[in-house]
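Contents: one structure, followed by commentary.
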């Protein structure tokens, strides 16, 4: 199940503790949009780990490398010159080997290839190391599929987003139309998402799970603003209690204080 919890997978040693907020979940639940807005509201850096898999898939296909050729993929991953430039508080530009590929890595072809590339344990291990290098800031919001369980298991705050299948397919359809001006039928997208879910759940390294300690939010009936407001209320509540090595959420977050009973009701 997408909501199951598990221990962190042992891929190397995480970096020293920082103020990190992780947001995980399957495609179409609103991770990217929510993560960008949350980072902007908190004044933190935004990191999209999924962009690393897309960039590798794009580089591999550009060189004629099959997405299942693990040995070649690992070599490409280790030599990847990838920079994620934050052009605004809520947006990044993906620079691969000196070229801007921000839009190119969002096509259906690259999405499908990235899903295959992400299944290979040696490839994931190489990209996890890259993702940790990219997390240069001392305070950031990170989103992906295994950020709270594998990449940054020590993160102080973790969220896991879900949504029903029809809502996810509709959101993905809207995303494709905004990027390409067209998209497949809703039923086709729903099948593609279901297939991706199976791949993500069943892979041996970094499967799609609810990280231990993560707050689960169903975004099916919520707007992006409503999801972020709930996150901010939770963070405000948590920030009032004991702190992890002195890390705090900025006091500038203007959110409503929650008593323990309200926090448990909304964020269990």
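Laboratory data are not the source of any read-out in this text; all were calculated from the coordinates shown. Since this is a predicted model, take the numbers as computed values, not measurements. Here Cβ is always computed from backbone atoms with ideal geometry, including for glycine, and neighbour counts include all displayed protein chains.
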Starting from the Cα of residue 174, step 7 Å along the direction of its Cβ; do the same at residue 198; then give the gap between the two resulting points in nm. 2.8
Give me the number: length gained by fully extending residue 86 to residue 186, i.e. 0.36 nm times residue separation minus the C-alpha to C-alpha distance, one decimal in nm. 32.8 nm
Cα point-scatterer Debye curve for the stretch 76-207, base-10 log of I(q)/I(0) at q = 0.11 Å⁻¹: -0.46
Between residue 62 and residue 165, with labels modelled 7 Å along Cα→Cβ, what's the label distance in nm to one decimal, could you check? 3.6
For the stretch 108-152, what value does the Rg/Rh ratio take when both radii are computed over Cα atoms and Rh is the Kirkwood radius, given to two decimals? 1.00
Inverse of mean 1/r across different Cα pairs in the stretch 174-243, Kirkwood, Å: 15.6
With label points set 7 Å from each Cα along the Cα-to-Cβ direction at residue 99 and residue 136, the distance between them in nm comes to 2.3
